[in-house]
Amino acid sequence: MGNLPRIMRFSRNFHRFTSVLLVAIPVYYVIYWAFINVLPKTLVTINMSSTGLLKNSLPVELQLLGFAVSLLPLSALIYGLFNIRKLFSFYREGVIFTFAHVMIFRNTARALIGWTVLSILYESVKSVLFTMGNPPGQRVLSVTFGSPEMTTLVVAGIVFVIAWVMDEGRMLSEEQKLTV
C-alpha cells in the first residue's frame, strides 16, 4: 500500500478537475450555440468539411435546434465525467477494489460508446443546419467516422477490460479478507 497516499493526492486533484469540466463543458455548449452567428467562422466549422458551410447567419430556431441536438452527446459526456469524478472520490478516500468501482468502469465505457455514437449524429445534424440556408444542390449532409471516433471506441473497450480486471481484483480482495 505504499502508493496509496500518492493515489489519494492525485485523485483529489483529478476530482477537482472533473468538477470544473462538469461546469465548463455545458457552459461552452451554451456559449457556442448562443453566439454562433458572431463567432469566427474558423471556430464554428473547425471539425467540418471545407465545403461552403454557414454562408448565412443561423436563425434562432436553427440555433435552438442545434443546441437541443448538442445535448445528446453532451449528456453522454457529462454522464461519463460524473462516473470518473465518482471514481476519483473513492480513490481520494483510499477506497479501492469495490463493486462500485466495477460499475463505474462499466458505466464509463458505456458513456464513451454513447458519446461516440451521439457525436456522429450531432455532427451530421450540424452539417445540415449549417447548410440549410444554401441554395438546393449546395446543402450538405456529412456523416463521418474517423480516427477520433475509432480511438474513443478502442478506449471504451479497454475500459470494459479494466472493469473485468477490477472485478477479479475485488473478488480476490474479498477472498483475502475472509481468509484467516
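Consider PRO26 carefully, then state whether it is surrounded by 15 or more Cβ atoms within 10 Å (Cβ to Cβ) and either in contact with a helix residue (DSSP H, G or I) (Cβ under 8 Å, 6 or more places away or on another chain) or at pLDDT 85 or above (or both). Spelling it out, PRO26 is indeed surrounded by 15 or more Cβ atoms within 10 Å (Cβ to Cβ) and either in contact with a helix residue (DSSP H, G or I) (Cβ under 8 Å, 6 or more places away or on another chain) or at pLDDT 85 or above (or both).
When segment 1-21 is examined, which residues are found to be within 22 Å of GLY80 (Cβ to Cβ) and among the basic types (Lys, Arg)? Those that are within 22 Å of GLY80 (Cβ to Cβ) and among the basic types (Lys, Arg): ARG12, ARG16.
Taking segment 123-146 as the range and being out of contact with any Gly (no Cβ under 9 Å at 6 or more places or on another chain) and over 23 Å from TYR32 (Cβ atoms) as the test, the residues that pass are PRO135, PRO136, GLY137. Within segment 59-98, being aromatic (Phe, Trp, Tyr) and not in a loop (DSSP other than H, G, I, E, B) holds for PHE67, TYR79, PHE82, PHE88, PHE90, TYR91.
Per-residue answers, yes or no, for (1) over 30 Å from VAL128 (Cβ atoms); (2) part of a loop (DSSP other than H, G, I, E, B); (3) not aliphatic (A, V, I, L, M):
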residue	(1), (2), (3)
THR144	no, yes, yes
GLU149	no, no, yes
VAL154	no, no, no
LEU172	yes, no, no
GLU175	yes, no, yes
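Does GLY114 meet the test of being out of contact with any strand residue (DSSP E or B) (no Cβ under 9 Å at 6 or more places or on another chain) and outside any helix (DSSP H, G or I)? Taking the combined requirement at face value, the residue does not satisfy it.
Does segment 152-175 contain at least one residue that is out of contact with any Gly (no Cβ under 7 Å at 6 or more places or on another chain), surrounded by fewer than 13 Cβ atoms within 10 Å (Cβ to Cβ) and within 30 Å of LEU64 (Cβ to Cβ)? Looking through segment 152-175, none of the residues is out of contact with any Gly (no Cβ under 7 Å at 6 or more places or on another chain), surrounded by fewer than 13 Cβ atoms within 10 Å (Cβ to Cβ) and within 30 Å of LEU64 (Cβ to Cβ).
Conditions tested, residue by residue: (1) within 21 Å of the chain's Cα centre (by Cα); (2) at pLDDT below 90; (3) within 30 Å of GLY169 (Cα to Cα).
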{"site": "TRP33", "(1), (2), (3)": "yes, no, no"}
{"site": "ILE36", "(1), (2), (3)": "no, yes, no"}
{"site": "SER49", "(1), (2), (3)": "no, yes, no"}
{"site": "ASN56", "(1), (2), (3)": "no, yes, no"}
{"site": "SER75", "(1), (2), (3)": "yes, no, no"}
{"site": "LYS86", "(1), (2), (3)": "yes, no, yes"}
{"site": "PHE97", "(1), (2), (3)": "no, yes, yes"}
{"site": "VAL102", "(1), (2), (3)": "yes, no, yes"}
{"site": "SER127", "(1), (2), (3)": "yes, yes, no"}
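One residue is enough: does segment 115-125 have a residue meeting the conditions acidic (Asp, Glu) and within 21 Å of the chain's Cα centre (by Cα)? Among the residues of segment 115-125, at least one is acidic (Asp, Glu) and within 21 Å of the chain's Cα centre (by Cα), which makes the answer yes.
Looking only at residues that are aliphatic (A, V, I, L, M) and surrounded by 11 or more Cβ atoms within 10 Å (Cβ to Cβ) in segment 1-19, which one is modelled with the lowest pLDDT?
Per the criteria, the residue is LEU4.
The values are calculated or read from the model by the stated rules, or taken from the named source; none is laboratory data. These numbers come from a predicted model, not from an experiment. Using ideal geometry, Cβ is built from the backbone for each residue, glycine included, and neighbour counts are taken over all protein chains shown.
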